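Student: Below you'll find the structure I mean.
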Amino acid sequence: MSILEYSATELKKKLEAKELTSVEVVTAYLNQIKEYDGEIRAFSFVNEEEALNQAAEVDSRRKRGEKVGLLAGIPVAVKEVLATEGQKTTCSSKMLENFVSPYNATVVQKIKDEDGILLGRTNMDEFAMGSSTENSAFGATSNPWNTDYVPGGSSGGAAACVAADMAPLSLGTDTGGSIRQPAGLCGIVGLKPTYGRVSRYGLVAFASSLDQVGPMTRTVADSALLLQAIAGHDRLDSTSANVEVPDYLNDLEKPLAGLRLGVVTEHFGEGLDEEVRQAVNDSIEVYRSLGATISEVSLPHNKYGIAAYYLIAPSEASSNLARYDGVHYGYRADEREIWQELTEERHRLVADGDERSATSPLVKMYCKTRSEGFGAEVKRRIMLGTYALSAGYYDAYYLKALKVRRLIQKDYLEAFKEVDLLIGPVTPTPAFKTGEKTGDPLSMYLGDLFTVCTNLAGVAAISIPCGFSKDGLPIGLQLQSPQFHEQQLLRVAHMYQTQTDWHIKRAPLAS
Amino acid sequence: MKLKMTDSTEQKNGSLPYEMIIGLEVHVQLKTETKLFCRCSTKFGAEPNTQTCPVCIGMPGALPVMNRRAYDLAIKTALALDIGIPHFTKWDRKNYYYPDLPRGYQISQFDLPLSEGGKLEISDPKGGFKTKNVGITRAHLEDDAGKSLHDEASGKADTRIDLNRTGTPLLEIVSEPDMSSPQEAKGYLTELKLLLTYLEVSDCNMQEGSLRVDANVNLKIQNGNETVYTPIVEVKNMNSFRAVERAVAYEAKRQYTVWQETGLVKGQLPKQTRGWDDSAQITRAQREKEDASDYRYFPEPDLCPAVITEEEIASYRATLPELPGAIRKRLQGDFDLNPYDADVIVNQGQGGVDYYEELAKECGDGKQASNWFQQDVLRKLNESETTFAEFSLQPSRLAGLLLAVQKKEVDTTRAKDVFGVMYEKNLTAQEGMKELGIEQVDTSALSDLCKMLLEKNPQVVEDVKSGKKQAVGALIGQAKKANPNVNPGEVRKVCLDLIEQG
Ligand SMILES: [Zn+2]
């Protein structure tokens, strides 16, 4: 078996048994990246030299018999949106093209503390806004199963690098499905933890009340391993929960007696692709055969999820992204051009006898910087959010959306009185072709139908591979749990992987 | 009609053609070691941009964490101002673009502030205005912006930004428009500052920006049978209480003139902002913002709302010290002081009150203690530019001197000298008197001295006998020359007795 075929959990055993060295593992992954990432473009930066140095250092510590961390010697890919000291933290935006973070996100620090190897940074939709990774300022990422298709987004690079065996572990972020949807479209495992389970410190904010960091891996066991490393309270993030972190790895194999799964009626309505419906139904049968009770439950406000999400998330984003104004760091429009445009404007106004309405240099700098620094989707959402928060519209849009959010939260609480977990599709369809939806943002937004409510409710969910379309594209299964029930979520998902081999299938890469 | 100029006489006589309506917004910097949402120092005067971190300069991904001490100080202040503390409060983002606001929003409190509806009693023992309660609309916590330094000297009109102040905790205290004269406005500020000083929640240093005041001013004018109100103007840039007093007075006159000229009343003009120009002693219109500001407030998702229980409020209340208003009343009751004296003592701060109280208790005469405190202690304190904490002459020692005066061991004039030597050489009253050679003169020695003086001054004896008792005064100086320790009163008494006995 080649190094790349091992899951992270298996790698961990081999490294501990000294059957492999971290340098060997890192080298194998670096070679795979060199060979295939030219086509996939999952990475925006490969940390080659430092990764090898770090691997050698961990190897020598292990050799000396010193204590090493949970992820010792295992490479981890990090999404561009997570601040990493001394590395460019671009958020795949022109705005931060040259921004080097002076500090580490808590999750990045935890990876380092557990001796994980920082392999590189993965491409994403600009500021995590998008569902296809086509919104990256530095070029789109392709789906390893078929490079004509998108890998999903916004954690498209994070998903594609795992699917293409270019990283065994990968960190993504999920605001409305950004871990689960690309995991589903790329045939890997993606876990969105409960809001507050993982620190957001250093996760460059898109929508603060929805954002969460989570693992993207080949197997459920690998996700358990990575979650173990990053979960927990952080005094630097007031919204991180002070809830004890259980041992996710230990209980994984325990069978679940009396498991009650709820099939969400609203997830099987119109617009659900037939192949996806079939694959999800087959998975439900797998659980039934394992002794689970299956019942139908309703999330009646699910249908308002997209509308509420696309008001709340952009509103928060419009404020979170205000700091990119060209003053303190990041991109600033060319000063000569600013002055030139101001001069031209003044000539025009003088001619019209309207000098008083001249733009101030400061306002001009703000406008030009933000117009040039942000891509179209980011601007669209900033405008949406600014509008929704404006005086006179606040009650009708933002406040109404918050009320809907409360109702959605209540739906989940009610549903979880009846069942342990919810089961259903991750996305209405398998991956779509690159360019297919770029001209139609609304249809792109509607693809988030089954994922956004998880974030609005703050609960946990996992996406696991459960089949393929006849075109050979992966299909994902979603399981959702109450808050802080990741342990159960992982056990139930792992149970499925002991019965099926979808997660073993590898993408057919063309070298 | 020509504008009549305001002066205090007119005010007292109520002959002004209008009534002023004044509300004050005070920003106080809370006395914390570190900033509101990060661990950077709040120390004033450091090199620009040396007290910053990813959180306070709004680096991508950095998150705020509430400073517990700032929260505690804010709650304490609210309780002292008699403000209701709601059980649920949250933080909001106030969005606007400015170079000294690196995050693009200020974290403040919008619809559920820390506290709403309180009051502060203000009074003037000199009688400048009647004692009244000024309503407190609300108090809320927020973080400060940085400082823009406009460097026009360089010729390039560059603006430089210092972010040391960014994130400093501020408590904004908004009053009701309950003040109706510049004196009341100053009275309110003085009392508020005193209260904050007693609470030890702020340094209240206007020069360092730890206390900032904006005033909202307009006029109520009786125009025949109709009452009209002038448009509200917000006055900024006042850097002392005196400036507030003057700016408000100026603004009232200005508004009256404008009303006379234009007839414009409230509602016909948007709220205007004017800046106080201290050197010209006038207010000037400030550039209007390009569009009506819409701060797009919404709940700050990075901070959890704060929930506070009745029990917690009670335990905060238990930490409150005795407040100035209560101390004034107690001093008047316990030591029989008049309001003016009590006010002077309370204005010295907690250290001064403690000093006075110990002095008054130990010497047993509140009035005497008050006189010595105000004349001698305060003068020495001013001369030596020290605080009560550093003042070397302890109240118990001074009480010893006051008791000696009461027992007539030393007369008041000599006692002032003793005070001086006690202070200089760190002595007790007895040591001080000894240092100056002050001893009790025994009765026979005094009698002998008086006899001798009467013999030498037959004219005085004659004058007294003919009814001019004051003639004896001429002997007192001679007695003191002969023995500086004699008590003038006693010399007088003994001499008169001797003459009477013949
Ligand atoms: Zn700081």
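Student: Residue-wise, which Karplus ³J(HN,Hα) couplings in Hz belong to the range B:209-225, taking 6.51 cos²θ - 1.76 cosθ + 1.60, θ = phi - 60°, and x for glycine or proline?
Tutor: Calculated HN-Hα couplings, in order: x, 7, 9, 10, 10, 10, 10, 9, 10, 8, 10, 10, 10, 8, 10, x, 8 Hz.
Student: Put a dot 7 Å past each Cα toward the Cβ at B:E312 and B:K451; how far apart are the dots in nm?
Tutor: 8.4 nm
Student: Evaluate E = 1/(1 + (r/R0)^6) for B:K119 and B:Q272, where r is the Cβ-Cβ distance and R0 equals 25 Å; express this FRET efficiency to the nearest 0.05.
Tutor: For R0 = 25 Å, the calculated efficiency reads 0.30.
Student: Here's a follow-up. Length gain on complete extension for the stretch B:Q281 to B:E322, per 0.36 nm per residue less the alpha carbon to alpha carbon distance?
Tutor: Value of the extension gain: 10.9 nm.
Student: What is the set of long-range amide H partners of B:T283 at a cut-off below 5 Å, with H atoms built 1.01 Å from backbone N?
Tutor: B:D277
Student: Shifting gears a bit: To the nearest 10 degrees, how steeply does helix A:376-389 sit against the main Cα axis of chain A, on a 0 to 90 scale?
Tutor: That helix lies at roughly 80 degrees to the long axis.
Student: Across peptide A:83-94, how many C-beta atoms of other chains are within 10 Å of each residue C-beta, on average? List each step's numbers first, then the result.
Tutor: Details: counts 5, 1, 0, 0, 0, 0, 3, 1, 2, 0, 1, 0.
Averaged over the peptide's residues, the number is 1.
Student: Ranked highest first by the average count of other Cβ atoms within 10 Å around their residues, in what order do B:298-306, A:257-265, A:119-127, B:182-190 fall?
Tutor: Top to bottom by mean Cβ count within 10 Å: A:119-127, B:182-190, B:298-306, A:257-265.
Student: Considering the alpha-carbon set of the range A:331-373 alone, what are its Rg and its Dmax in angstrom?
Tutor: Spelled out, the Cα radius of gyration and Dmax of the range A:331-373 are 10.9, 34 Å.
Student: Normalized C-alpha radius of gyration of the protein assembly as shown, against 2.2 N^0.38 Å?
Tutor: Ratio of Cα Rg to 2.2 N^0.38 Å: 1.28.
Student: Further question on the same structure: By count of other Cβ within 10 Å, fewest leading, how are B:D343, B:D354 ordered?
Tutor: Listing B:D343, B:D354 from fewest to most nearby Cβ atoms yields B:D354, B:D343.
Student: Taking 31 Å as the cut-off for C-alpha to C-alpha distance, list the pairs among A:K13/A:K34; A:K110/B:K94; A:K79/A:K368; B:K43/B:K361 that go past it.
Tutor: Those over the limit are A:K110/B:K94; B:K43/B:K361.
Student: What order, most packed first, do the peptides A:26-35, A:56-65, A:349-358 have when packing is the mean number of other Cβ atoms within 10 Å of each residue?
Tutor: Peptide ranking by packing, descending: A:26-35, A:56-65, A:349-358.
Student: Here is a further query. For the range B:394-502, calculate the relative contact order in percent as a whole number, restricting contacts to Cα pairs under 8 Å that are 6 or more residues apart.
Tutor: On the way: 92 pairs, mean separation 25.9, N = 109.
It comes to 24 percent, rounded to a whole number.
Student: Take the cross-link list B:K132/B:K266; A:K12/A:K63; B:K434/B:K480 and give me the ones stretching past 20 Å between alpha-carbons.
Tutor: B:K132/B:K266
Student: Still on this structure, please answer the following. What distance in nm separates the two pseudo spin-label positions at A:D273 and B:Q406, each 7 Å out from Cα along the beta-carbon direction?
Tutor: In this crude spin-label approximation the distance works out to 9.8 nm.
Student: Could you list which residues have their amide H under 5 Å from that of B:N237, counting only those 5 or more apart in sequence or on another chain, with H placed in the peptide plane?
Tutor: It is B:W276, by chain and number.
Student: Past 32 Å, Cα to Cα: identify those pairs from A:K18/A:K94; B:K119/B:K271; A:K364/A:K400; A:K417/A:K437; B:K130/B:K236; A:K379/A:K433, in the order given.
Tutor: A:K18/A:K94; A:K364/A:K400; A:K417/A:K437
Student: To make sure I understand the rule: partners must be aspartates and glutamates, Cα under 16 Å from the Cα of B:K31, and not fewer than 8 residues away in the same chain. Which ones qualify?
Tutor: Hits, sequence-local ones excluded: B:D72, B:E142, B:D143, B:D144, B:E172, B:E200, B:D203, B:E208.
Student: For every other residue with a beta carbon closer than 12 angstrom to the beta carbon of B:T227, add +1 if it is Lys or Arg and -1 if Asp or Glu, then tell me the sum.
Tutor: Summing Lys and Arg as +1 and Asp and Glu as -1 gives 0.
Student: May I ask you to compute the full-extension gain from A:L249 to A:A307, defined as 0.36 nm times their residue separation minus their alpha-carbon distance, rounded to one decimal in nm? Kindly include the intermediate steps, with their values, before the conclusion.
Tutor: Details: separation 58, 0.36 × 58 = 20.88 nm, distance 3.75 nm.
Fully extending the segment from A:L249 to A:A307 adds 17.1 nm.
Student: What is the spin-label model distance, in nm, from B:T227 to A:E50 if the labels are put 7 Å beyond Cα along the C-beta direction?
Tutor: Rounded to a tenth, the inter-label distance reads 7.0 nm.
Student: Could you sort the peptides A:396-404, A:91-99 by per-residue average Cβ neighbour count (10 Å cutoff), highest mean leading?
Tutor: On the way: A:396-404: 17.2, A:91-99: 23.4.
With the highest mean Cβ count within 10 Å placed first, the list reads A:91-99, A:396-404.
Student: Going by alpha carbons, how many degrees (0 to 90, nearest 10) lie between the helix axis of B:443-456 and the longest principal axis of chain B?
Tutor: Its long axis makes an angle of about 70 degrees.
Student: Before anything else, pin down the relative contact order of chain A: Cα pairs under 8 Å, at least 6 apart, normalised by residue count, whole percent.
Tutor: Computed over chain A, the figure is 18 percent.
Student: Follow-up question, since we're still on this one. State, as an integer percentage, the relative contact order of the range B:332-461 based on alpha-carbon contacts under 8 Å between residues 6 or more apart. Present the calculation step by step, with values, prior to reporting the outcome.
Tutor: Details: 100 pairs, mean separation 22.4, N = 130.
This gives 17 percent for the range B:332-461.
Student: Mind listing the phi-derived Karplus ³J(HN,Hα) values for the range A:49-62, rounded to whole Hz, using 6.51, -1.76 and 1.60 with θ = phi - 60°, and x for any glycine or proline?
Tutor: My calculation for the range A:49-62 gives 5, 5, 4, 5, 4, 5, 4, 4, 5, 5, 4, 5, 5, 5 Hz in order.
Student: Averaged over its residues, how many other protein chain Cβ atoms are within 10 Å of peptide A:227-240's Cβ atoms?
Tutor: That works out to 2 on average.
Student: What's the average, rounded to a whole number, of partner chain beta-carbon atoms within 10 Å of each residue's beta-carbon in B:295-307?
Tutor: The shielding value for this peptide is 5.
Student: Moving to a separate point now. From the backbone phi of the range A:80-92, what are the Karplus-calculated ³J(HN,Hα) couplings (6.51 cos²θ - 1.76 cosθ + 1.60, θ = phi - 60°) in whole Hz, Gly and Pro given as x?
Tutor: 3, 7, 9, 4, 9, 4, x, 10, 5, 10, 8, 6, 6
Student: Between B:T273 and residues 5 or more places away or on another chain, which pairs have amide H atoms under 5 Å apart, with H built 1.01 Å from N, and which residues are they?
Tutor: The list, which skips near neighbours in sequence, is B:E234, B:Q286.
Student: Let's test the formula: R0 of 41 Å, r as the Cβ-Cβ distance of B:Y98 and B:K126. What FRET efficiency results, to the nearest 0.05?
Tutor: Approximately 0.45, to the nearest 0.05.
Student: Follow-up. Using Cα-only point scatterers and the Debye equation, what is log10 of I(q)/I(0) for chain A at each q in 0.07, 0.13 Å⁻¹, rounded to two decimals?
Tutor: The Cα Debye sum returns log10 ratios of -0.37, -1.21.
Student: Would you mind getting me the FRET efficiency between B:Q459 and B:Q332? Use the beta-carbon distance for r and R0 = 45 Å, nearest 0.05.
Tutor: Calculated transfer efficiency: 0.30.
Where a number appears in this text, it was derived from the coordinates with a stated rule and is not lab data. In this text the structure is predicted, and so the values were computed from the model without any measurement. Methodologically, a virtual Cβ is constructed for each residue, glycine included, from the backbone with ideal geometry; neighbour enumeration extends over all protein chains shown.
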